[in-house]
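Here's the structure, in structure tokens; my notes come after.
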Amino acid sequence: MNIMVVDDSMAMRMIVMKTLREAGFEGHDITQAADGAQALELIKENAPDLVLCDWNMPVMTGPELLETLNEEKICPKFGFVTTEATPVMREKAAELGARFLIAKPFTPESFETALTPFIGS
């Protein structure tokens, strides 16, 4: 499976990838992007199976990326990994078509629970 991790913080991208391994999701191809605009270009070149995306980023936010993907009819499984997980944000994420929202700080267990339906074990 091809997984894309989108976050403006390189450290957070590394933590997300480490947490994926700790949750038992090893052996997948992982692509990284530093913002939504970079992610969009990479997705157009080779659409991943799953996108784990931060909400707030410069250049293009996570919600803007998901809106653009929807408009262009590019439909990877998409979810947010974000510090802000208010009920309003969860509702907006669902309205945009996000499959999950994982709140930071997260654990391998929260990744396993949220991602097993999309990655498998």
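Residues of the range 18-42 that are in a helix (DSSP H, G or I), farther than 21 Å from Thr61 by Cβ and either modelled with pLDDT under 95 or out of contact with any Pro (no Cβ under 8 Å at 6 or more places or on another chain) (or both): Lys18, Leu20, Arg21. Filtering the range 6-31 down to residues that are of a type in the set (A, V, I, L, M) and farther than 13 Å from Phe106 by Cβ, which residue is surrounded by the fewest Cβ atoms within 10 Å (Cβ to Cβ)? Per the stated criteria, the residue is Ala11.
For Asp54, indicate whether it is at pLDDT 95 or above, of a type in the set (Asp, Glu) and buried (at least 16 other Cβ atoms within 10 Å of the Cβ). Walk me through it before giving the result.
Details: at pLDDT 95 or above: yes; of a type in the set (Asp, Glu): yes; buried (at least 16 other Cβ atoms within 10 Å of the Cβ): yes.
In short, yes.
Inspect all residues belonging to the range 91-113 and state whether any of them is hydrophobic (A, V, I, L, M, F, W, C), out of contact with any helix residue (DSSP H, G or I) (no Cβ under 8 Å at 6 or more places or on another chain), surrounded by 13 or more Cβ atoms within 10 Å (Cβ to Cβ) and touching a residue at least 24 places away in the same chain (Cβ under 8 Å). There is no residue in the range 91-113 that is hydrophobic (A, V, I, L, M, F, W, C), out of contact with any helix residue (DSSP H, G or I) (no Cβ under 8 Å at 6 or more places or on another chain), surrounded by 13 or more Cβ atoms within 10 Å (Cβ to Cβ) and touching a residue at least 24 places away in the same chain (Cβ under 8 Å). Selection of the range 2-20 for residues being of a type in the set (A, V, I, L, M) and without any contact (Cβ under 8 Å) to a residue 12 or more places away in the chain yields Ala11, Met14, Ile15.
If you go through the range 71-90, how many residues are of a type in the set (A, V, I, L, M, F, W, C), within 18 Å of Arg13 (Cα to Cα) and surrounded by fewer than 17 Cβ atoms within 10 Å (Cβ to Cβ)? Before you say what the answer is, go through the steps one by one.
Residues of the range 71-90 of a type in the set (A, V, I, L, M, F, W, C): 74-75, 78, 80-81, 85, 88-89.
Okay, now just the ones that are also within 18 Å of Arg13 (Cα to Cα), so 78, 80-81.
Next, from what is left, pick out any that are surrounded by fewer than 17 Cβ atoms within 10 Å (Cβ to Cβ): none.
Total meeting the criteria: 0.
Select from the range 43-66 the residues that are in a helix (DSSP H, G or I) and within 20 Å of Ile102 (Cβ to Cβ) and write down the one among them that is nearest to the chain's Cα centre (by Cα).
Looking only at the range 43-66, we keep the residues that are in a helix (DSSP H, G or I), and these are 43-45, 62-66.
With within 20 Å of Ile102 (Cβ to Cβ) added as a condition, the list becomes 43, 62-66.
Numbers: Ile43: 12, Gly62: 8, Pro63: 11, Glu64: 13, Leu65: 11, Leu66: 10 Å.
Going through the qualifying residues, I end up with Gly62.
The values are calculated or read from the model by the stated rules, or taken from the named source; none is laboratory data. Since the structure is predicted, the reported quantities are computational estimates derived from the model, not experimental observations. Here the Cβ is made from the backbone with ideal geometry for all residues, glycine too, and neighbour counts use every protein chain on show.
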